[in-house]
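Q: Pasting in a structure now, in structure tokens, and then I'll have a few things to ask.
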Amino acid sequence: MNHLDPSSPIRFPAKNPALSRRRFLGHSAVAAAGLALLPTAGLAAEAVPQRLRELGIELPEVPAPVANYVPWVRENGFVYLAGQIPFLDGELMSPGKVPVDVSIEAGRAAARQCGINLIAALNAACEGDLNKVRRCMRLDGFVASSPGFSQQPAVVNGASDLMVEVFGDAGRHSRTAVGVNELPLNACVEVAAVFVVDE
């Protein structure tokens, strides 16, 4: 087995939990080191606007903030995007809680729209040149959830899958997907993001 391969399976001994944890942590450290050795040049997908056209995506206007914040902050090669809820043509998609009011499939579609709105804000931060994007570093997804619902990742996948569709390997990211009791304006999902861009 190639121990520098981050995708290699992790197996734990059945009878020694402490040893299992040490091996897991050791494997994780080696995997992280292997990922750190990946080249950073060329991570960003080329011709991102062309990908958007092929996907039939037209970026909307960046929604105006509803409180005392800005849609994005750009600093030292990072773009921090404020959370977006699933507005489409000025209307909120699928309000309510998943899965009682909103199906998982509808929630996933709403998360995808959150991703489109994030890319619109990113486009503004990049002064209209999405080919400056080097990497999607992180998504934070929040799903308005009914009691007992635990499939938040299936909903947030709508945004995650979109990032890979648009940016290729540069769209692969770390992520949080959590359930919450309520979201602004009764939205079923909200997603925030961090990107690295060329200065």
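Rule-based calculations on the coordinates, nothing more; no lab input. Keep in mind that this is a model prediction, so the values were computed, not measured. With ideal geometry, Cβ positions are generated from the backbone for all residues, glycine too; neighbour counts draw on all protein chains shown.
Q: Amide H neighbours of G179 under 5 Å, at least 5 residues apart or on other chains, H built in the peptide plane: list them.
A: Placed amide hydrogens put V143 under 5 Å from G179.
Q: Here's another thing I want to ask about it. How do the peptides 159-170, 128-139, 90-101 rank, highest first, by the average count of neighbouring beta carbon atoms within 10 Å per residue? Show your work: numbers first, answer last.
A: On the way: 159-170: 20.5, 128-139: 18.9, 90-101: 17.2.
Final packing ranking: 159-170, 128-139, 90-101.
Q: Give the long-range amide H neighbours of R134: residues separated by 5 or more places, or on another chain, with amide H under 5 Å away, using H modelled in the peptide plane at 1.01 Å from N.
A: Placed amide hydrogens put V196, V197, D198 under 5 Å from R134.
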